[in-house]
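Have a look at the structure below before the remarks.
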Amino acid sequence: GTSFLLIVMIISILIFSLIPHDMGFMGKLLSRLLLIPLVAGVSYEMLKLSSRSQKKALFRLLSLPGLALQRLTTREPDMAQIEVAIVSLRAALEAGDV
């Protein structure tokens, strides 16, 4: 998720920078709304390509910013969080939900 958002941001900047700035508010809004599927599709394909091509140095290098961002936004759970997870799992198992 985090890597995808970073790729979306970069692709958005690249694609939206090609849109003329003198279109007015509604023109800019409409063009951006119409280009969202293109941005999402290109971003998804870039993420997929980078995950398949990790043996190539260029793709490893391109995936480093996403991995660094993931490191910033995630962390290992502390003992209190693990305890809550265990209690919750046991309660769900006893209730027969799982």
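The values are calculated or read from the model by the stated rules, or taken from the named source; none is laboratory data. Please read these numbers as outputs of a predicted model, since none were measured by experiment. Neighbour counts run over all protein chains shown; Cβ positions are idealised from the backbone, glycine included.
Could you please let me know if Leu89 is in a helix (DSSP H, G or I), free of Cβ contacts under 8 Å to residues at least 24 places away in the same chain, over 14 Å from the mean Cα position of the chain (by Cα) and surrounded by 10 or more Cβ atoms within 10 Å (Cβ to Cβ)?
yes
Checking Leu30 against (1) in contact (Cβ under 8 Å) with a residue 24 or more places away in the chain; (2) surrounded by 11 or more Cβ atoms within 10 Å (Cβ to Cβ), only one condition comes out false. Which one?
(1)
Is it true that some residue in segment 47-54 is at pLDDT 90 or above and either exposed (fewer than 10 other Cβ atoms within 10 Å of the Cβ) or among the small types (Gly, Ala, Ser) (or both)?
no
Looking at segment 8-21, can you tell me whether even one residue there is in contact (Cβ under 8 Å) with a residue 12 or more places away in the chain, surrounded by 11 or more Cβ atoms within 10 Å (Cβ to Cβ), in a loop (DSSP other than H, G, I, E, B) and not charged (D, E, K, R)?
Yes: one or more hits.
Provide a single number: the residues in segment 22-33 that are farther than 25 Å from Ser3 by Cβ and either among the hydroxyl-bearing types (Ser, Thr, Tyr) or part of a helix (DSSP H, G or I) (or both).
Here the count works out to 8.
Ser43 passes all but one of (1) modelled with pLDDT under 85; (2) among the hydroxyl-bearing types (Ser, Thr, Tyr); (3) under 15 Å from Leu6 (Cβ atoms); (4) surrounded by 11 or more Cβ atoms within 10 Å (Cβ to Cβ); which number fails?
Looking at each condition in turn, Ser43 falls short on (1).
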